[in-house]
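The values are calculated or read from the model by the stated rules, or taken from the named source; none is laboratory data. What you see is a predicted model, and the numbers here were worked out from it, not measured in a lab. Note: ideal-geometry Cβ built from the backbone for every residue, glycine included; neighbour counts use all protein chains shown. The accessibility values were calculated without ligands, DNA or RNA, using every heavy atom of the protein model including side chains. Shrake-Rupley method; radii C 1.70, N 1.55, O 1.52, S 1.80 Å.
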Amino acid sequence: MYNGQNGSRVRSGTLFVDMNQRTYDRSFWEQLWSKTLREQPDKVARRQPNAHLVAEARNLLPGRALDAGCGHGAETVWLAAHGWQVTAVDFSASALAKGQSMAEAAGADIAQRISWIEGDLASWTPGQGQFDLVACLHVHVAGSVAEMVQRMASGVAVGGTLLMVGHRPVDPATGAATAAAGQVQVSVETAVGALDPLRWEVAVAEERPRAIAGTGVDAVILARRRP
Ligand SMILES: C[S@@+](CC[C@H](N)C(=O)[O-])C[C@H]1O[C@@H](n2cnc3c(N)ncnc32)[C@H](O)[C@@H]1O
């Protein structure tokens with residue numbers, strides 16, 4: 001069902017443990033997805049696409065997009081429905097299967113615009129300059145965040161867009177720990193520091209409260225690859 005490419009189906013070397021001693025590796029996500037899809041399939045299917053992605057992608061001309069860490073594909077299907085040719089990567093086979101069935105339910109024209117890839121983003125690398133949009137939303141990083149940002153950025157074509165979003169572990173307004181306390185995801189400082197200003201114009205680099213009160217803060221980074 002899935003294409004193999006650039007490290008896909010490599011046994012996960014991803015290992016990250018938060019302060020609650022949770023390990024966000026392939027096995028953790030596969031178990032979480034398979035339990036959630038078994039117990040709450042309708043809730044998953046109803047989830048709206050990420051508001052940051054919708055707000056930013058609305059202003060772009062559809063082209064080739066990478067959804068890195070696509071989960072069950074709410075954003076992937078939204079992009080395909082808006083004319084994008086999407087490559088969707090995740091290491092949870094259950095999430096990918098759900099995404100594929102949702103895309104098929106949305107229509108053959110949408111499903112045929114998506115390639116689903118089972119791959120580990122700890123090593124999976126997009127083809128150089130292959131995408132007009134690379135989106136990587138709420139993915140835990142096992143190794144260096146800067147390296148991951150640069151690897152995802154390498155997939156963006158000249159004139160294309162990189163969108164990275166991460167939960168912040170601490171609320172900057174209050175200093176209180178959020179639900180993502182102890183987790184490593186992309187931050188504004190690390191993403192901006194990882195992007196060479198000669199090659200990237202950073203259009204958005206800010207922390208935004210999440211839409212639902214009490215659910216924390218997201219780091220949102222949107223950068224354009226300079227010609
Ligand atoms: C919090 S969910 C976010 C899903 C979606 N991007 C969104 O914003 O709703 C994180 C997703 O990233 C995937 N993921 C986490 N680490 C990964 C890795 N190293 N390689 C591939 N997928 C990964 C998980 O399986 C999960 O589907």
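Taking H as built 1.01 Å from N, whose amide H comes closer than 5 Å to the amide H of residue 178, not counting residues under 5 places away?
Amide H neighbours of residue 178, under 5 Å, 5+ apart: 170, 171.
Could you work out how far apart the two model spin labels at residue 199 and residue 170 are, taking each label as a point 7 Å from the Cα in the direction of the beta carbon, and quote it in nm?
Between residue 199 and residue 170, the simple spin-label model gives 3.1 nm.
What number, rounded to the nearest 500 deg cm²/dmol, is the helix-based mean residue ellipticity at 222 nm of the chain, given -39500 (n - 2.57) per DSSP H run of at least four residues and division by all its residues? Write down the numbers at each step before the final one.
Working: 8 runs with 69 residues, N = 227.
For the chain, the value works out to -8500 deg cm²/dmol.
Return the carbon/sulfur percentage of the accessible area of the chain, one whole number, probe 1.4 Å, all protein chains in place.
Carbon and sulfur atoms account for 52 percent of the accessible area of the chain.
Could you tell me what a quarter of the Cα convex hull surface of the stretch 26-225 works out to, in nm² with one decimal place?
10.6
With every protein chain kept in place and ligands, DNA and RNA left out, what is the accessible area per residue of the stretch 98-227? Probe 1.4 Å, answer in Å².
42
Once phi is turned into θ = phi - 60°, what whole-Hz ³J(HN,Hα) does the Karplus curve with 6.51, -1.76 and 1.60 give for every residue of the stretch 51-67, x standing for Gly and Pro?
3J(HN,Hα) across the stretch 51-67, in whole Hz: 5, 5, 5, 4, 4, 7, 6, 3, 8, 9, 6, x, x, 9, 10, 10, 10.
For labels at residue 106 and residue 206 in the simple 7 Å Cα→Cβ model, what's the distance in nm?
It works out to 2.7 nm between the two label points.
Using only C-alpha positions, report the orientation-averaged shadow area of the convex hull of the stretch 19-74, nm², one decimal.
With the hull built on Cα positions only, its mean projection is 5.5 nm².
Can you tell me the dipole magnitude for the stretch 25-175 around its Cα centre, using point charges on the Cβ only (Lys, Arg +1; Asp, Glu -1), in Debye to the nearest 20?
About 200 debye.
For the chain, what's the relative contact order in percent, using C-alpha pairs closer than 8 Å and at least 6 residues apart? Each step should come with its number before you reach the end.
Values: 477 pairs, mean separation 42.6, N = 227.
Relative CO of the chain lands at 19 percent.
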